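Read the structure below first, then the notes.
The values are calculated or read from the model by the stated rules, or taken from the named source; none is laboratory data. Given the structure is predicted, the values throughout are model-derived calculations rather than measurements. Here the Cβ is made from the backbone with ideal geometry for all residues, glycine too, and neighbour counts use every protein chain on show. Protein only, heavy atoms only, side chains kept; ligands, DNA and RNA dropped before computing areas. Shrake-Rupley method; radii C 1.70, N 1.55, O 1.52, S 1.80 Å.
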Amino acid sequence: MDLCEQSPSYVRAIAPYQPGKPISELAREMGLKEKKIIKLASNENPLGVSPRAKAAIKKAIAELGRYPDGNAFDLKAALAKRYRVPEECIVIGNGSNDLLEMAAAVFLAPGRSAVYSQHCFAVYPLATQSRGARSIVVPAKDYGHDLPRMLAAIGNDTRLVFIANPNNPTGTFVPGAELEDFIARAPREVAVVVDEAYTEYLPRELRYDSVAWLSKYPNFILTRTFSKVYGLAGLRVGFGLMQPAVADLLNRVRQPFNVNSLALAAATAALGDTKFVAKSVKMNRAGMAVLERRLKRLGLETIPSCANFISFRLRRAGAVYEKLLRQGVIVRPIGGYGMPEHLRVTIGTPKENERFLAALESALED
């Protein structure tokens, strides 16, 4: 009998996650020079790594011969101070994806279900399916979360709800009051995971204090990442805030030394680099305004975004994507998210934004 046949059917049925195309891969495929390629596919910070994080990485290199701090003492202390929560409420992950997987490992199993929205982050169905749990996918409302329908979709076997705010790949946003109302109404035996990977990009008038909800709702889990505004996508480090008893469960399934030494040092330093964060947010907001205006000028329908990317609709999305690649511009097709007529583009530097817009205009004229 084939060894692979011994794997559970729900594992064999998983479609692997497809990341954004790397610059090096496109250079090989198209015979292009890497320096002439721009990547606006993976929602990375175009400013790169913060100065404080770079300095911390250089210092930490000397200790690479030793295992990292498995308890992430320094990073947890910095997070506890920033968010005014006990360190027992914090779990550190290899990116926020790791936290999502931990939550699924703790609360999902065959015979249980998870609720999430149509057009959601790809990790939610992957984490659910890999545990043999049932996925309850709620139709989106204007490409975003329909919270009343998601609440109604919770069944007797539901143990986990995933909500991204802002959402990826659509950039849609749920006001804080509506989100808290959902958590308050959700059954206490159902864990509600709110994935705030892009929360730092929210304009001030839309921000809300989700950390304060930890003391109110024992089933609330908050996840965030250092991959976006902090510019540490290549190091993979994120964190979750939750009740201590829930954190204890996640730590039981967390891999030992799941975050490397350079990532821990860089994240601790980046957390305090408020000038870098402010600069990143300011540039993103300005770039978003330019792209929204210019895409609409091209007659393209855009989805209002509160993140560091914007998705837009066009009839020949696949063909336009290929034409952009041939010009050395990488964006993200999102057919895998149930949006075959959309492309998603990360907000880049002013120069990168102009390069993308020029390439797109050329692609549309062909």
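One table, with the values for the structure above:
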{"read-out": "Any pair with Cβ under 6 angstrom, 6 or more apart, that starts in the range 267-282 at a residue that is open to solvent by 10 Å² or more (accessible area, probe 1.4 Å) and ends at one that is acidic (D, E)", "value": "T268/D74"}
{"read-out": "Any hit, the range 249-265, residues being within 29 Å of V345 (Cβ to Cβ) and out of contact with any strand residue (DSSP E or B) (no Cβ under 8 Å at 6 or more places or on another chain)", "value": "yes"}
{"read-out": "Residue list for the range 71-88, restricted to those being surrounded by fewer than 22 Cβ atoms within 10 Å (Cβ to Cβ) and in a loop (DSSP other than H, G, I, E, B)", "value": "N71, R84, V85, P86"}
{"read-out": "F226 being in contact with a helix residue (DSSP H, G or I) (Cβ under 7 Å, 6 or more places away or on another chain), without any contact (Cβ under 8 Å) to a residue 40 or more places away in the chain and buried (at least 19 other Cβ atoms within 10 Å of the Cβ)", "value": "no"}
{"read-out": "Positions within the range 337-351 being modelled with pLDDT of 95 or more, assigned to a helix (DSSP H, G or I) and more than 13 Å from R285 (Cβ to Cβ), in sequence order", "value": "K351"}
{"read-out": "Test: residue in the range 139-162 that is among the hydroxyl-bearing types (S, T, Y), open to solvent by less than 10 Å² (accessible area, probe 1.4 Å), in contact (Cβ under 8 Å) with a residue 24 or more places away in the chain and in contact with a helix residue (DSSP H, G or I) (Cβ under 7 Å, 6 or more places away or on another chain)", "value": "no"}
{"read-out": "For A127: the one exception among (1) free of Cβ contacts under 8 Å to residues at least 40 places away in the same chain; (2) surrounded by fewer than 22 Cβ atoms within 10 Å (Cβ to Cβ); (3) within 27 Å of D69 (Cβ to Cβ)", "value": "(2)"}
{"read-out": "Number of positions in the range 295-342 that are closer than 21 Å to D366 by Cβ, in contact with a Leu (Cβ under 7 Å, 6 or more places away or on another chain), open to solvent by 10 Å² or more (accessible area, probe 1.4 Å) and of a type outside the set (K, R)", "value": "6"}
{"read-out": "Only one of V211, V192 that is out of contact with any Ser or Thr (no Cβ under 8 Å at 6 or more places or on another chain), without any contact (Cβ under 8 Å) to a residue 60 or more places away in the chain and of a type in the set (A, V, I, L, M)", "value": "V192"}
{"read-out": "Filter result (aliphatic (A, V, I, L, M) and closer than 21 Å to G240 by Cα) within the range 178-208", "value": "L179, I183, A184, A186, V190, A191, V192, V193, V194, A197, L202"}
{"read-out": "Residues located in the range 193-223, provided they are of a type outside the set (F, W, Y), closer than 20 Å to I347 by Cβ and buried (at least 24 other Cβ atoms within 10 Å of the Cβ)", "value": "D195, A197"}
{"read-out": "Residue in the range 89-100 that is crowded, with 18+ Cβ neighbours inside 10 Å, in contact with a helix residue (DSSP H, G or I) (Cβ under 7 Å, 6 or more places away or on another chain) and in a loop (DSSP other than H, G, I, E, B) present", "value": "no"}
{"read-out": "Considering residues of the range 229-257 that are closer than 21 Å to V192 by Cα and of a type in the set (G, A, S) only, the residue most open to solvent (accessible area, probe 1.4 Å)", "value": "A245"}
